[in-house]
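Here's the structure, in structure tokens; my notes come after.
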Amino acid sequence: MSDHAADKALEDRLIDFLQRSPSPWHATANLVTRLEAAGYRPLKETDSWKLSAGEKYYVTRNDSALIAFQLPASSLETLRMVGAHTDSPALRLKPQPAIVNKGWLQLGVQVYGGALLAPWFDRDLGLAGRVHVRRADGKLQAVLLNVREPIAIIPSLAIHMDREANNGRPLNAQTQMAPLLMQGGDAPDLDRLLKRWIEREHGLEVADIVDFELGFYDVQPPSRVGVGGEMLASARLDNLLSCFIGIEALLASDGRQGALFVANDHEEVGSASACGAQGPFLADVLRRLNAALGEAGDEGFVRLIQRSLMISCDNAHAVHPNFADKHDANHGPALNAGPVIKVNASQRYATNSTTAALFHDMCREADVPVQQFVTRADMGCGSTIGPITATELGVPTIDVGVPQFGMHSIRETAGTRDPAYLIRALTVFFNRDSLSIE
């Protein structure tokens, strides 16, 4: 396959993954499909694990977080770990969302994460997530739901009624963000529609909708943008792009080393959950791996962690041509110019000079350009799972990511060449014999 054909195939896989992953639960299910096709075997946390050297496994928690790992052929002395997250800012339904207002059935929403609200207006919205139902036979079952057609919209207010709209009108999530679902509808219509959509998607006769975690999303598919197709525009690039990149690199690795990929949930709301980076998911799995193939005892576990390295992958802010003054003049990452090392003296990113030097060396070995990002000294800085994972485990960590525009918008933009760059660098990382610096 030519380089151009390989790049096109990679982009096509990425676009397909993004389009089929409108929620963290769908993203996790799609990652599982890729892993199983590559020979990874499922584990359940409630079972006793019998792990074998040289084998490949995965485990999920809450159906929205995942850890996949390949074990070395001999004892487990070190792990090359890559971390990302499955969630993105969104509008999630409230438990009792139905609002009947001026002849319309609207649905009340909660803002999940630090979403840019203005881009949600005038979008064709679908609905996706997880639903727990009581089947006709009386048993409870969890199902994924993806209503792909545009069933809702949040119309803008006309400029004639708000002449100051272009001067920065604040938005009220409680009173101004409820999507319109149905003209002439009433509260029971939502229950009826959910049952119909579930029966259509799963062939399942539903007696009751017991509970749900559902959110709206933009049904516009991902697309290549630009005269030369330089850009990829899509929802949820933060951080499904890193999930895709991490799995691609893991599957491309040679399998000699101990390698692990973790995709946590709830990063956008602080990571404090059972399946978030601040929760025990990763530590639970690592202790079981060490007990099976590593040095025994607490000291053996600490030695494993300190010989390992975590690369936290989350997208970085590319310098925006229209807002270049929002970047430090010496640290403006460009699209299609390689992965970005993210640095913050206040530890909002976990990068230090040792972990950064190692990543520089991996990029050199992979023949990949590398960039750096630091916020302006007079601006605040976001964070990632990197500092949280480093704090919880003590593992040496670096924060990296591909550059993008419009982070936390309903539609974000990245470069089409950057995913391949980071996949190459992470593949070198997974295959690397040594993680130390003399």
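Overview of values
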item: The listed residue being part of a loop (DSSP other than H, G, I, E, B) and without any contact (Cβ under 8 Å) to a residue 60 or more places away in the chain, out of G39, G54; result: G39
item: Filtered residue count, the range 90-112, keeping only those that are open to solvent by 20 Å² or more (accessible area, probe 1.4 Å) and either assigned to a strand (DSSP E or B) or touching a residue at least 24 places away in the same chain (Cβ under 8 Å) (or both); result: 14
item: Subset of the range 127-158 [closer than 30 Å to P170 by Cβ, surrounded by 18 or more Cβ atoms within 10 Å (Cβ to Cβ) and touching a residue at least 60 places away in the same chain (Cβ under 8 Å)]; result: L127, A128, G129, A152
item: Hits in the range 279-316 (condition: among the aliphatic types (A, V, I, L, M), farther than 30 Å from P339 by Cα and not in a helix (DSSP H, G or I)); result: A296
item: Pairs, first surrounded by fewer than 19 Cβ atoms within 10 Å (Cβ to Cβ) in the range 251-273, second part of a loop (DSSP other than H, G, I, E, B) and of a type in the set (S, T, N, Q), C-beta under 9 Å, six or more apart; result: G270/Q278; A272/Q278
item: Boolean, L435 is under 30 Å from D298 (Cβ atoms) and assigned to a loop (DSSP other than H, G, I, E, B); result: yes
item: Count of the range 357-403 residues which are open to solvent by 40 Å² or more (accessible area, probe 1.4 Å) and assigned to a strand (DSSP E or B); result: 1
item: Residue among R34, R41 that is open to solvent by 50 Å² or more (accessible area, probe 1.4 Å) and under 17 Å from N239 (Cβ atoms); result: R34
item: Subset of the range 12-36 that is touching a strand residue (DSSP E or B) at 6+ places or on another chain (Cβ under 7 Å) and outside any loop (DSSP other than H, G, I, E, B) - its residue that is nearest to L241 (Cα to Cα); result: L18
item: Qualifying residue in the range 73-92 (condition: over 27 Å from C313 (Cα atoms) and either at pLDDT 95 or above or under 22 Å from the mean Cα position of the chain (by Cα) (or both)); result: no
item: Number of the condition not met by D122 [criteria: (1) under 26 Å from I247 (Cβ atoms); (2) part of a loop (DSSP other than H, G, I, E, B); (3) not aromatic (F, W, Y)]; result: (1)
item: Filter result for D418 (modelled with pLDDT of 95 or more, under 27 Å from Q306 (Cα atoms) and of a type in the set (D, E)); result: no
item: So R130, is it assigned to a strand (DSSP E or B) and under 24 Å from the mean Cα position of the chain (by Cα); result: yes
item: Residue count, the range 174-195 (criterion: surrounded by 12 or more Cβ atoms within 10 Å (Cβ to Cβ) and modelled with pLDDT of 95 or more); result: 14
item: Members of the range 57-84 found to be in contact with a helix residue (DSSP H, G or I) (Cβ under 9 Å, 6 or more places away or on another chain) and part of a loop (DSSP other than H, G, I, E, B), listed by number; result: N62, D63, S64, L71, P72, S74, S75, L76, E77, T78, L79
item: Enumeration of residues in the range 52-67 that are open to solvent by less than 30 Å² (accessible area, probe 1.4 Å) and closer than 19 Å to L251 by Cα; result: Y57, Y58, V59, A65, L66, I67
item: Residues located in the range 188-231, provided they are closer than 20 Å to S23 by Cα and among the β-branched types (V, I, T); result: I198, I209, V210, V219
item: Unique residue being closer than 30 Å to L282 by Cα and in a loop (DSSP other than H, G, I, E, B) when the list is N344, N330; result: N344
item: Candidate set: the range 327-344, residues that are touching a residue at least 12 places away in the same chain (Cβ under 8 Å) and more than 23 Å from the chain's Cα centre (by Cα); chosen: the one surrounded by the fewest Cβ atoms within 10 Å (Cβ to Cβ); result: D328
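To keep it simple, each residue is scored yes or no on (1) among the charged types (D, E, K, R); (2) modelled with pLDDT under 95; (3) touching a strand residue (DSSP E or B) at 6+ places or on another chain (Cβ under 6 Å).
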site: K326; (1), (2), (3): yes, yes, no
site: L335; (1), (2), (3): no, no, yes
site: A377; (1), (2), (3): no, yes, no
site: S383; (1), (2), (3): no, yes, no
site: P396; (1), (2), (3): no, no, yes
site: H408; (1), (2), (3): no, no, no
site: E412; (1), (2), (3): yes, no, yes
site: T427; (1), (2), (3): no, no, no
site: E438; (1), (2), (3): yes, yes, no
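The values are calculated or read from the model by the stated rules, or taken from the named source; none is laboratory data. Predicted, not measured: the structure shown is a model, and the values here were computed from it. When we count neighbours, we look across all protein chains shown, and the Cβ atoms used for this are built from the backbone with ideal geometry, even at glycine. What goes into the accessible areas is simple: the full protein's heavy atoms, side chains included, and nothing from ligands, DNA or RNA. Shrake-Rupley method; radii C 1.70, N 1.55, O 1.52, S 1.80 Å.
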